[in-house]
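Visitor: Once you've had a glance at the structure underneath, I'll fire off some questions.
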């Protein structure tokens, strides 16, 4: 299993960012003091979507992107926005 490593001083300074990245990618983090492990951070796997759930969500987003949005009578999609001058 892939694991990231950070020094205690970096973990102290960037704790919020480290937690945020852990939530995003799910890669555990090893915290080191003098190159020895002192702690590990693991994601709560109950919050991580399966690959299949991610694919379904991405496909739904892609379909919405292609369809565009109805903004009170004005239908807009990405292509229309960038084609207009």
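The values are calculated or read from the model by the stated rules, or taken from the named source; none is laboratory data. Given the structure is predicted, the values throughout are model-derived calculations rather than measurements. Ideal geometry is used to build each Cβ from the backbone, glycine not excepted, and the neighbour counts take in all protein chains shown.
Visitor: Of the residues in segment 26-75, how many are in contact with a helix residue (DSSP H, G or I) (Cβ under 8 Å, 6 or more places away or on another chain) and on the phi > 0 side of the Ramachandran plot?
Guide: Of the residues in segment 26-75, 2 are in contact with a helix residue (DSSP H, G or I) (Cβ under 8 Å, 6 or more places away or on another chain) and on the phi > 0 side of the Ramachandran plot.
Visitor: Considering each residue of segment 13-44, count those that are in a helix (DSSP H, G or I) and closer than 15 Å to residue 3 by Cβ, and give that number. Quick ask: steps written out before the conclusion?
Guide: Narrowing segment 13-44 to residues in a helix (DSSP H, G or I): 13, 15-25.
Applying the additional criterion that residues be closer than 15 Å to residue 3 by Cβ yields 18, 21-22, 25.
Matching residues across segment 13-44 total 4.
Visitor: Can you find a residue in segment 34-44 that is under 17 Å from the mean Cα position of the chain (by Cα) and modelled with pLDDT under 80?
Guide: So in segment 34-44, the residues under 17 Å from the mean Cα position of the chain (by Cα) come out as 41-44.
From what is left, the residues that are modelled with pLDDT under 80 are none.
The answer is no, given that none of the residues of segment 34-44 is under 17 Å from the mean Cα position of the chain (by Cα) and modelled with pLDDT under 80.
Visitor: Does residue 11 satisfy the criteria of being over 30 Å from residue 79 (Cβ atoms) and out of contact with any strand residue (DSSP E or B) (no Cβ under 9 Å at 6 or more places or on another chain)?
Guide: For residue 11, the condition - over 30 Å from residue 79 (Cβ atoms) and out of contact with any strand residue (DSSP E or B) (no Cβ under 9 Å at 6 or more places or on another chain) - is not met.
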